Amino acid sequence: MLKLVENRKTWVFIGGLIFALAVSFMGSGLVGSAQAKTYKQYVASLPDGCQPVPRECFEQAVAGKTFAMYDWAAWWPEELYKGFEKEFGIKIVRDNYPNLDEALAKFRLNPKTPYDFWLTNPKSVWYMKNWKLLETVNHDWIPNVNRYLAGDVKEASWDKGYNYTVLTTLGYDAYVINKNFINKDDSRIPSWKFLFEGWDVYKDRLVMRNEMNRVIGNTLKYLGYSLNSTNPKELKEAEDVLVRLKPHIMAFNSWPKRAVMAGEVWIVEGVVHDYLSLGKLAGPENPFVPCYPPKGCLLSPMLVVMPKGGNNPAACHLFLNYLYRPDNFATLINGVAYGHGHTGVNGLIKEKVVKWMTPPEAGYREKCEVLLPPAFTGQGEKLRAAIWEKLKK
Amino acid sequence: MQGEQDNICIELRNLVKMFPGVTAVNHVNLKVKDREVFSLLGPSGCGKTTILRIIAGLETADEGEVLIGGQVVNEVPPYRRDCNLVFQNLALFPHMTIGQNIAYGLERKRVAKNEIKKRVNEMLEFMSLEAMKDRYPVQLSGGQQQRIALARSLVLKPSCCCWMNPWRHWTEN
Amino acid sequence: MVAAKNDMKRKTHLHLLPTVGPITIWIFFFVFAPVAVIVAISFFATGSGGEILPRLSLENYRLLLFGGSEYPRAVIRSILYALVTNLICLGIGYPMAFWISKYGGKFKALLLFLVIVPSWSCYIVRIYALKQLVGYPGILNDFLLNLGLISSPINILYTPAAVVLGLIYIWLPFMVLPIYASLEGINPSLLEASLDLGATPQWQFLTITLPLTKGGIFGGAILTFIPALGDWLVPLLIGGNRVWMAGNLIEHYLVVRGKIAMASSMAVILTATVVLLIYVFIKLGGEESMERIV
Amino acid sequence: MKILNARRINTIVSMIGYLFVWAPIVVLAIFSFNASAYGVKWESLTIKWYVDLFHTPEIMQAVLRSLLIASITTIFATAIGTLAGYGLYKYKFAGRRFLRMSVLLPITVPYVIMAGALLVYFTRIVHIPLGYPAIIIAHISFSAPLAVFVTLGRMQRINWSLEEASVDLGANTLTTWRKVTIPLLLPAIFASAVLIFPWSFNDFTVTYFVAGVGTTTLPLYLFSMLEYSLKPVLINAISLIFIIMPILLIMLIYLSKARTKHGS
């Protein structure tokens, strides 16, 4: 052993090999991978009903060579990225964050971070807008989005004026039960009451999100209040509920999928689509049942923004336009099974995915709320943080 | 002491010790009488130290017998043998004072506290190192350290005391 | 630092600059300076949106220590977890080091290697591995159930015990290494001398081996205690995030809430605690405990 | 009898220790061949996860980034640390003790604090771009002390009269360094490298705080993957390929060497 460790040649060899491998790979990574199309070829290759981005946008994007994205690892289907790289010869440099707060903190401390594309939530959008760190979207450059994105989600509460964001997916943050373990006939089931009061059934079998705004927001919703409430009395009530619930919570886990699949967890609070699409891996029959409480739940839109400091904003427009092409958008939705605002993909989505991505009740979305500034700024934030700290002792 | 009946203190019979590739001790027979000063001389690596270590019980002999005071002690662990070593590198315990070093063996023999104190002081006096009692070994010179090592063995009043390489530290005096 | 630099200039020692020069500069710019910045920031007031106001105040400390914050409790809890971790690590690590050193023979290097190797794998992978093993239902539970040793699955995950288990799992090798080094550093003739002077093996262990490895023990204690105290991933991933340690609160304030000044004050308090504890360890363990680190 | 008992207890505790340290990793490795992506129940043997792994460029990229960072860190940190260890041991100067204590600082302050401090420092004070420069600088700050202490430990066991003898025999300082000092320090240098490389490769906390554009390393990727990935079993596969394989290789080489030596 020592001989081997002390043998200079061994280490020089191993070290050199690793270094050469890494350097050569990084080097090759910077060179555009595929043969880029010309604008004409691009326009000609588009499927029916799709519109190209203007020549100006295309040329800027291709000249930029790379496109820096900041999103979740292993969430969106890989084909989307691969397809984009192949079609335009633009190299995607992807970074992944473990949670959006961490990503926001990075921007807070290091304002001009050169990302062209950031997949984020309304909270980050609000802060980034306040810090004047967002580029405006050039609507002339995203004809597909203009054409297909539904009007009611274009100009929504998270981006009044529709200047900075483009919606990708809409998640419903309610809860999911595993029918293998839970009696589906319990009358309380689709309501919040089951999540917050069904201890008899699921003691220690409940996992909640590890995000204070979501957990406290859904608790407020259970109590019948707005999830953006700043009323200390209402928040105190929510605190009492959570303190009572805590001994029965297995974990505030940001890593629940494995546990849910393994049957460790029977009830999970979170974005329902995640678990429904997960269920297809669980065997022939999907064991997960979505529960959309009639009072409504938290709606969590994933928005694309362009931080200031990005090197290739044109590529972001190009990517958004590419994403909103019905075939590509269908790939996305078939992969993640989230709700969305695309009006042109209805026929392209698999039947079961449609079932996973939509609430059973028409017009349910109107009952849901999006987290808005009162919840995560000033007094609202302070009260929530205090509750959260108390819960973690 | 016990060995006085025939006045033989240490006896080795046909002692053999082999290390991988070397036979360190090859059929050695010797007798050391009580109160005798017996020296083993020889070139380095000829097995002197090994013999002493076998006598003290730190090595086991492959063949032959070791007798201390007329009794075969091959199976007796070192801490029960009435024989003490002064090590080549002295092996003073660095974390103990001189006094504690000397008292170490006595404490194990369940000698009374006062008795220990008395005998340690006597020994220090005998070695004329009274002033060093509360110092640590590293604070002493080589010659002083050697005297302490000797004192540490002699204070137990063993029937024999084996001294490895006695001139090594003999730089002073 | 300044003294060292002046001295270097005065002596213009030819060898000093190229040897300790780089690390001095490095430590000054990339260790001292950031820590100083954090200490400075901790004395600034925080605005309502988390921004740092250009006004000196002790407000952060007042809020943390006397304002009914959960932080002091989290610090005490962290110390407690770290201490338990440390003691159990010592309880397993010392016998392991002793065993390798005494009975390892020619396999010593391999045996030691086997202790260190798991610590070479990625932190997250290791926690994931542990989670997979002790889950509920998990492989360990299945195994014990099949053997009939337990009648119903035991729930280890997501409890404070799981946090301690995770911490031990991660940091155990760092306890074994320094103890092994100091065991190997004992001059074998000292052990022989004590046997020769009448000490039984047990007595020898208590009077010679244990005192002589004190440095290793405290070195190992420092190496396991400090990272365990500041850990935030283990409570997050294996403790189910139900109970926070000090590190989690710091991360929460710095990253989630963006209150930099507040997080800095927390960091200063935790660092002060750690430095104090290290000081105690070094005092107890002597100079050697410092040398045995690494 | 008593001795035997003590020894037996010692052996048992050590075995428990080994089992504890290794069982999770071995189980992880075995389950990487399990057909179920989530299961803790064995389904059937498969190598599809390994195929998947090599078809996920993101993972390969993350691994190579980690390798690059770890190689550069190892080279610089070992150099700086070894030099400092040498200087700290050989020369007496005012502030030596202080410097030694300061070197200890980065490994004694909790990682989350040092990492946070570096993030604030890099972004607000010195404007070092987050990403490779920041990660590598931070890693060197954390790992150079390891090399310092390894070197210091080694220096104590070296017979320095060799160096003096070399000077005495007429060699100049540089030749002495090249011919005597560096060969004497080689074990320490390699030991440092062996410590630092995995540290840097596996570090999560520090990298998490100072990573920038295009520097998602393997640990960061894994951490992000935990939220949405539908194939957490990939972690098992990663662990086997990048952690266990090299270890097994080294052990095999070691064992084969030991055998040939024994045979001759």
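Among B:E75, C:E59, the sequence by solvent-accessible area, most first, with a 1.4 Å probe is B:E75, C:E59.
Run the numbers on segment B:2-80 and let me know its relative contact order in percent, using alpha-carbon pairs under 8 Å that are six or more apart. Display every interim value, and only then the final one.
Details: 129 pairs, mean separation 28.9, N = 79.
Taking the mean separation of contacting Cα pairs over the length of segment B:2-80, I get 37 percent.
The heavy atoms of C:S194 present about 0 square angstrom of accessible area, all protein chains included, probe 1.4 Å. Calculated on C-alpha atoms, the gyration radius of segment D:132-245 divided by its Kirkwood radius gives an Rg/Rh of 1.19. Along the axis of the charge dipole computed for segment B:2-80 (Cβ charges of +1 for Lys and Arg, -1 for Asp and Glu, origin at the Cα centre), the listed residues B:L41, B:P78, B:T23 are led at the positive end by B:L41. Gyration tensor analysis over the Cα atoms of chain B returns equivalent ellipsoid semi-axes of 29, 19, 14 Å (largest first, whole Å). The heavy atoms of D:T108 present about 10 square angstrom of accessible area, all protein chains included, probe 1.4 Å. Once C-alpha pairs closer than 8 Å and six or more residues apart are averaged by separation and normalised to the residue number of chain A, the relative contact order reads 26 percent.
Averaged over the residues of peptide C:242-252, the number of Cβ atoms from other protein chains lying within 10 Å of each residue's Cβ is 5.
Between A:T165, C:I186, C:F281, the Cα set farthest toward the positive side of the dipole of the protein assembly as shown (charges on each charged residue's Cβ, about the Cα centre) is that of C:I186. Here segment D:27-90 and segment A:234-269 have alpha carbon centers that stand 32 Å from each other.
Seen against the Cα atoms of chain B and their longest principal axis, helix B:113-126 is set at about 80 degrees.
Restricting attention to the protein assembly as shown, close to 70% of DSSP beta bridges with both partner residues there are antiparallel. In whole angstrom, chain D maps to an equivalent ellipsoid with semi-axes of 38, 29, 19, each derived as √(5λ) from the alpha carbon gyration tensor and ordered largest first. Averaging the Cα positions of each part gives two centres, and for segment D:159-196 and segment C:66-137 these lie 36 Å apart.
Taking each residue in B:89-98, count the Cβ atoms of any other chain within 10 Å of its Cβ, then average. What number comes out?
Numbers: counts 4, 4, 11, 4, 9, 6, 8, 3, 0, 0.
Shielding by partners across B:89-98 averages 5.
Ordered from longest to shortest, the equivalent ellipsoid semi-axes for the protein assembly as shown are 65, 32, 29 Å, each the square root of 5 times a Cα gyration tensor eigenvalue. Around the Cα centre of chain C, unit charges on the Cβ atoms of Lys, Arg, Asp and Glu (plus for the first two, minus for the last two) sum to a dipole of about 480 debye. Secondary-structure-derived ellipticity at 222 nm for chain D, considering helices only, amounts to -24000 deg cm²/dmol, per-run term -39500 (n - 2.57) for DSSP H runs with n ≥ 4. For segment A:184-313, a/c is not less than 1.5, where a ≥ b ≥ c are the root eigenvalues of the C-alpha gyration tensor, and a/b does not top b/c. That puts it in the oblate class.
Tell me whether chain A comes out rounded, prolate or oblate; compute the Cα gyration tensor, take square roots of the eigenvalues as a ≥ b ≥ c, and use a/c under 1.5 as the rounded threshold. Walk me through the intermediate numbers first.
On the way: a/c = 1.66, a/b = 1.33, b/c = 1.25.
In terms of gyration-tensor shape, prolate.
Residue order by solvent-accessible surface for A:R55, A:R365 is A:R55, A:R365, largest first, with ligands and nucleic acids left out and a 1.4 Å probe.
Placing unit charges on the Cβ atoms of the charged side chains and taking the dipole of the protein assembly as shown about its Cα centre, the candidate lying farthest along the positive direction among C:A272, B:Q144, C:G148 is B:Q144.
Taking Cα atoms only, the orientation of helix A:378-391 departs from the longest principal axis of chain A by about 70 degrees. Under a model in which nothing but the beta-carbon of Lys, Arg (+1) and Asp, Glu (-1) is charged, chain A shows a dipole of about 760 debye around its Cα centre.
Shape class for segment B:98-163: oblate, because the ratio a/c of the largest to smallest gyration tensor axis (alpha-carbon atoms, square roots of eigenvalues) is 1.5 or more and b/c is at least a/b. In a simple Cβ point-charge model (Lys, Arg +1; Asp, Glu -1; nothing else charged), the protein assembly as shown has a dipole of about 1520 debye relative to its Cα centre.
In segment B:27-111, what trypsin sites (Lys or Arg not before Pro) fall in a loop by DSSP, with at most 13 other Cβ atoms inside 10 Å?
On the way: sites: B:K31, B:K33, B:R35, B:K48, B:R53, B:R80, B:R81, B:R108, B:K109, B:R110; in loops: B:R35, B:R81, B:K109, B:R110.
Answer by residue number: B:R35, B:K109, B:R110.
Measuring between their Cα centroids, segment A:335-385 and segment B:80-110 lie 80 Å from each other.
Once you've got the Cα coordinates, tell me which of A:K65/A:K91; A:K193/A:K221; A:K82/D:K48; B:K117/B:K157; A:K221/A:K367; A:K91/D:K231 are over 18 Å apart.
Going by Cα-Cα distance, A:K82/D:K48; A:K91/D:K231 fall outside the 18 Å limit.
Label zone of D:L162 (point 7 Å out along Cα→Cβ, amide N under 19 Å): in segment D:171-198 this covers D:171-193. Model label points for A:W199 and D:V126, set 7 angstrom from Cα along the Cα-to-Cβ axis, are 5.3 nm apart. Can you give the longest run of chain A that contains no GluC sites (Glu not before Pro) sitting in a DSSP loop with at most 15 other Cβ atoms inside 10 Å? Between exposed loop sites, the widest span is A:1-154. Within segment A:295-360, none of the chymotrypsin sites (Phe, Trp or Tyr not before Pro) combine a DSSP coil assignment with at most 12 other C-beta atoms in a 10 angstrom radius.
Looking only at other chains, what is the average number of their beta-carbon atoms within 10 angstrom of each beta-carbon in B:67-78? Please list the in-between numbers first.
Numbers: counts 0, 0, 0, 0, 0, 0, 0, 0, 0, 0, 4, 9.
Taking all residues of B:67-78 together, the mean is 1.
Note on chain A: antiparallel DSSP beta bridges, both residues inside, total approximately 60 percent of the bridges counted.
The values are calculated or read from the model by the stated rules, or taken from the named source; none is laboratory data. Because the structure is predicted, anything quoted here is derived from the model rather than measured. Positions of Cβ are backbone-derived with ideal geometry, glycine not excepted, and every protein chain shown enters the neighbour counts. Just so you know, the surface numbers come from the protein's heavy atoms only, side chains and all, with ligands and any DNA or RNA stripped out. Shrake-Rupley method; radii C 1.70, N 1.55, O 1.52, S 1.80 Å.
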